[in-house]
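Notes follow the structure.
The values are calculated or read from the model by the stated rules, or taken from the named source; none is laboratory data. As the structure is a prediction and not an experimental result, all values here were calculated from the model. Here the Cβ positions follow ideal geometry from the backbone for every residue, glycine too, while neighbour counts run over all protein chains shown.
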Amino acid sequence: MKNRNIRFALALAVCLGASVSASAQTGATNTPFWAGMKDAASFERAMDARLANAKATLDKMLLVKGARTTENTLRPYDDILLELDTVSSQAQLVQSVHPVEAVRQTAEKVTQKAGTFGTDLSLNRGVYDALAAVDASKADAETQYFLKRTLRDFRLAGVDKDEATRKRIKALRDELVVIGQDFDRNIRTDLRKVTAKNAAELEGLPADFIARHKPDANGVITLTIDYPDSLPVFSFAKNEDLRKRMYMEYSNRGYPKNIETLDKMIARRAELAALVGYKNWADYITADKMVENATNASQFIDRIVAASGPKADREFEVLLKRKQQEVPSATGVTAWERAYYAELVRKSSYDFDSQSVRPYFAFDRVKQGLFDVTSKLFGVSYRPINVPTWDKSVEAYEMVENGKVIGRFYLDMHPRKDKYNHAAEFPLRTGATNRQIPEAALVCNLPGGEPGDPGLMTHDDVQTFFHEFGHLVHTLVSGRHQWIGISGINTEQDFVEAPSQMLEEWTWDPKTLQTFAKHYQTNEPIPTALVTRMRRASEFGKAMTVRQQMVYAKLSLSVYDRDPKSVNTTTMVKELVNKYTRSPYVEGTHFQTSFGHLDGYSAVYYTYMWSLVIAKDMFSQFDRRDLLAPTVASKYRNDVLAPGGSKPAATLVADFVGRPFSYKAWEDWLNREEQ
Ligand SMILES: [Zn+2]
């Protein structure tokens, strides 16, 4: 699946209408974030000044005498959040993209400092007691919601436990950071190789793949298990043995080391959840999500599994039939045959070659098209500006509404040495009414960016661009609230992908595509028939993909929803693969040891599908014959995007669709057969 991460601002965060000094700014500001940053030292100074201001604000807030009010307590707390949010989000971007290693390393150090500050704050009993004493009964709804959510987050952190327990919680949190780093490192450094005896073994692979992999003096060709090597092998290699050998290595990355790392991670999290008062980690981690608890998450997975069964079976039969054309006696399709036969089905039944659309998707045209589409939908415009950035290839823009600048953003769109190599949106500053406008950056690795290169993108790239831009629009249009803690995309984690997943729909609409997807040489708009073939081809296999996703979701939940002593991750993988998919578990494989989300997402991998169900439901409100119609889009912006985290996500969705969200649109999408 695509890597479409989003970086969260620290869930804990606050600023005192502090005065701004010329050397290092603290407090609210509208200055472009990279202004005045010359090197590692100037960046660290600026970030240290913010953390120092947060600390000073904290000390002052604790010393307040007399009745606790929103003005003397919640306001300074939110000012601390402002500083912490700014420091952690900016440091995360800089450590991921800055071209100079020393600056990246400094940013990592700053991230750790902000992390420590955040953990200490979340366990600070004095701060919690002060906030709990605030009488907000006469405050407005947003303020009441913010205070209520803040107190809940403090309790989830364990602030109301005795000192010994809080000490143990902190130790466990620190240890979990190290365990997570071990887990990642064991994946990253397990550089497995697969060799092909000769060039003939690469038969079926694309010409540019073969050209990139030259044989050595003995004629042997060495492949890695990274995506650029492994995915084409699974899809195109005619040699079954090569696919099988690739599968075995690919499904053992991080093994055996990470079996133990994972067991330790699961055990420590179970202990932490128990200390805070939860039955298990899955219940603990879902307590602040839309899904509310592990039982609901489990029922959600069961429902998706049941809904996708009949279609996944039909798709599997098509695969098996295709295989039987080559192997008449075949009765099954193995894990290393699935992608290969799916590709053959797409070619023979749908007549679609993914390369054929690239001439219509030159980077600059897609960018302009995306700007035009989102301008129309959300009633904003964009204008390029000349402000300092971290690399000369980065572009900066302002988002303008009714002549007023409401946000600023940066596009860092093409590959560069030492740059973050996935696609993500990085919020850089959360907006606050009359105090500061939001800032965010898009970081992608799309084609183009070199002189003379038109940057011809695949449709997958176009979807990625729309998806990430969806996060950016969400961040910028939700930046006008009185409290940092509920402004921007500080919303439930299992909702935050929905707006982005929904914006991808516009990349499948021929009428929308024809406004910008024009052949880079002839200027001919993309033909409707080609879009239709592309859609049909994309439909095949989606139920099997949903089932595969549920293997991941259920594993993620199950390793965390029971006594860790009863968890054997390999047995669990085997059971789930055999239960949810028609290709049996392959003995000797351990995909869980490289399933990075078991650390980052822990029990909540279900969130991707949950968000997708909501995205499909929200999209059903739009008129498919006229996706650019402004009325519904503006209602969506006002009901769902602009409120940011100021209301529960379920309320935002219900405000927009006029009822609690439903599965119907998702089920229609799942069962739809393109004609
Ligand atoms: Zn995303």
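Restricting the search to segment 33-75, which residues are exposed (fewer than 13 other Cβ atoms within 10 Å of the Cβ), assigned to a loop (DSSP other than H, G, I, E, B) and not acidic (Asp, Glu)?
ALA35, LYS38, LEU63, LYS65, GLY66, ALA67
I'd like the residue in segment 249-294 that is of a type in the set (Val, Ile, Thr) and closer than 27 Å to LYS167 by Cα and, out of all such residues, is surrounded by the most Cβ atoms within 10 Å (Cβ to Cβ).
Going through segment 249-294, the residues of a type in the set (Val, Ile, Thr) turn out to be 259, 261, 266, 276, 285-286, 291.
Checking which are closer than 27 Å to LYS167 by Cα leaves us with 261, 266, 276, 285-286.
Values: THR261: 23, ILE266: 22, VAL276: 18, ILE285: 23, THR286: 27.
Selected residue: THR286.
Quick one: which helices (runs of 4 or more DSSP H) sit completely within segment 445-543 and have at least 2 residues that are of a type in the set (Gly, Ala, Ser) and more than 16 Å from the ligand (Cβ to nearest atom)? Before the answer, list the steps.
Details: elements: 459-477, 498-503, 510-513, 528-539.
In segment 445-543, the matching helices (runs of 4 or more DSSP H) lie at 528-539.
Within segment 432-444, can you find the residues that are within 15 Å of the ligand (Cβ to nearest atom) and not aliphatic (A, V, I, L, M)?
The initial filter retains those residues of segment 432-444 that are within 15 Å of the ligand (Cβ to nearest atom), namely 440-444.
Within segment 432-444, just CYS444 meets the criteria.
Please go through segment 413-431 and give me each residue that is away from the ligand (no atom under 13 Å from the Cβ) and either aromatic (Phe, Trp, Tyr) or under 19 Å from LEU641 (Cβ atoms) (or both), ordered by number.
Filtering segment 413-431 down to residues away from the ligand (no atom under 13 Å from the Cβ) leaves 413-421, 428-431.
Passing the criteria: TYR420, LEU428, ARG429, THR430, GLY431.
Output the number of the condition that GLU505 fails; it satisfies all remaining conditions of (1) at pLDDT below 95; (2) surrounded by fewer than 24 Cβ atoms within 10 Å (Cβ to Cβ).
(1)
Could you please give the count of residues in segment 596-623 that are more than 14 Å from VAL496 (Cβ to Cβ), small (Gly, Ala, Ser) and at pLDDT 95 or above?
Qualifying residue count for the region: 3.
Quick one: which of LEU176, LEU172, LEU156 is in contact with a helix residue (DSSP H, G or I) (Cβ under 6 Å, 6 or more places away or on another chain), at pLDDT 95 or above and surrounded by 14 or more Cβ atoms within 10 Å (Cβ to Cβ)? I'd like the intermediate steps shown before the answer.
On the way: LEU176 fails: at pLDDT 95 or above; LEU156 fails: in contact with a helix residue (DSSP H, G or I) (Cβ under 6 Å, 6 or more places away or on another chain).
Just one listed residue meets the conditions, LEU172.
Any residue in segment 336-353 that is farther than 30 Å from PRO584 by Cβ, more than 16 Å from the ligand (Cβ to nearest atom) and surrounded by 15 or more Cβ atoms within 10 Å (Cβ to Cβ)? Before the answer, list the steps.
First, the residues of segment 336-353 that are farther than 30 Å from PRO584 by Cβ: 351, 353.
From the residues that got through so far, the ones that are more than 16 Å from the ligand (Cβ to nearest atom) too are 351, 353.
Those still in the list that are surrounded by 15 or more Cβ atoms within 10 Å (Cβ to Cβ) too: none.
No, that holds for no residue.
Can you tell me which residue is nearest to the chain's Cα centre (by Cα) among those in segment 288-302 that are among the charged types (D, E, K, R) and over 18 Å from ARG562 (Cα atoms)?
Initial filter on segment 288-302 (among the charged types (D, E, K, R)): 288-289, 292, 302.
Next, from what is left, pick out any that are over 18 Å from ARG562 (Cα atoms): 288-289.
On the way: ASP288: 18, LYS289: 16 Å.
Residue satisfying both the conditions and the ranking: LYS289.
Among residues belonging to segment 554-605 that are farther than 15 Å from LEU262 by Cβ and touching a Leu at 6+ places or on another chain (Cβ under 6 Å), point out the one that is surrounded by the fewest Cβ atoms within 10 Å (Cβ to Cβ).
Selected residue: LEU576.
Can you confirm whether segment 544-553 contains a residue that is touching a Ser or Thr at 6+ places or on another chain (Cβ under 7 Å), among the small types (Gly, Ala, Ser) and crowded, with 18+ Cβ neighbours inside 10 Å?
no
Is it true that ARG322 is in contact with a helix residue (DSSP H, G or I) (Cβ under 7 Å, 6 or more places away or on another chain), part of a helix (DSSP H, G or I) and not aliphatic (A, V, I, L, M)? Steps first, please.
Values: in contact with a helix residue (DSSP H, G or I) (Cβ under 7 Å, 6 or more places away or on another chain): yes; part of a helix (DSSP H, G or I): yes; not aliphatic (A, V, I, L, M): yes.
Here the answer is yes, as ARG322 does meet what is asked.
Quick one: would you say ARG408 is charged (D, E, K, R) and under 22 Å from LEU81 (Cβ atoms)? Write out each step before concluding.
Values: charged (D, E, K, R): yes; under 22 Å from LEU81 (Cβ atoms): yes.
Spelling it out, ARG408 is indeed charged (D, E, K, R) and under 22 Å from LEU81 (Cβ atoms).
Which residues, counting only those in segment 179-228, are of a type in the set (Lys, Arg), closer than 28 Å to PHE595 by Cβ and out of contact with any helix residue (DSSP H, G or I) (no Cβ under 8 Å at 6 or more places or on another chain)?
Of segment 179-228, the ones of a type in the set (Lys, Arg) are 185, 188, 192-193, 197, 212, 214.
Imposing the further condition that a residue be closer than 28 Å to PHE595 by Cβ reduces the set to 185, 188, 192-193, 212.
ARG185, ARG188, ARG212 - these are the residues of segment 179-228 that are of a type in the set (Lys, Arg), closer than 28 Å to PHE595 by Cβ and out of contact with any helix residue (DSSP H, G or I) (no Cβ under 8 Å at 6 or more places or on another chain).
Which one of these does ASP418 not meet: (1) within 30 Å of HIS519 (Cβ to Cβ); (2) touching a His at 6+ places or on another chain (Cβ under 9 Å)?
The failed condition is (1).
Residues are listed down the side, and each one gets a yes or a no for (1) closer than 26 Å to ALA424 by Cα; (2) of a type in the set (Lys, Arg); (3) at pLDDT below 95:
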| position | (1), (2), (3) |
| --- | --- |
| ARG4 | yes, yes, yes |
| PHE8 | yes, no, yes |
| LEU12 | yes, no, yes |
| THR29 | yes, no, yes |
| ASP59 | no, no, no |
| ALA67 | no, no, no |
| THR70 | no, no, no |
| LEU74 | no, no, no |
| LEU84 | yes, no, no |
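I'd like to know if segment 231-248 contains one or more residues that are among the acidic types (Asp, Glu), modelled with pLDDT of 95 or more and surrounded by 14 or more Cβ atoms within 10 Å (Cβ to Cβ). Walk me through it before giving the result.
Taking segment 231-248 first, the residues among the acidic types (Asp, Glu) are 240-241.
From what's left, modelled with pLDDT of 95 or more: 240-241.
Those left that are additionally surrounded by 14 or more Cβ atoms within 10 Å (Cβ to Cβ): 240.
Looking through segment 231-248, at least one residue is among the acidic types (Asp, Glu), modelled with pLDDT of 95 or more and surrounded by 14 or more Cβ atoms within 10 Å (Cβ to Cβ).
How many residues are over 21 Å from the mean Cα position of the chain (by Cα) and not in a loop (DSSP other than H, G, I, E, B) if we restrict to segment 638-671?
Final tally of qualifying residues: 14.
Restricting to segment 163-220, give me the number of residues that are touching a Gly at 6+ places or on another chain (Cβ under 8 Å) and within 24 Å of PHE236 (Cα to Cα). Step through it out loud before you land on a result.
Start the filter on segment 163-220 by keeping residues that are touching a Gly at 6+ places or on another chain (Cβ under 8 Å), which leaves 165-166, 169, 177, 180, 183-184, 186-187, 190, 197-199.
Next, only the ones that are within 24 Å of PHE236 (Cα to Cα) stay: 197-199.
Number of matching residues: 3.
Does segment 394-401 include one or more residues that are closer than 30 Å to ASN30 by Cα, touching an Asp or Glu at 6+ places or on another chain (Cβ under 7 Å) and either modelled with pLDDT of 95 or more or not in a loop (DSSP other than H, G, I, E, B) (or both)?
Of the residues in segment 394-401, the ones closer than 30 Å to ASN30 by Cα are 394-401.
Right, trim to touching an Asp or Glu at 6+ places or on another chain (Cβ under 7 Å) and you get 394.
Filter again for either modelled with pLDDT of 95 or more or not in a loop (DSSP other than H, G, I, E, B) (or both), leaving 394.
Yes, that holds for at least one residue.
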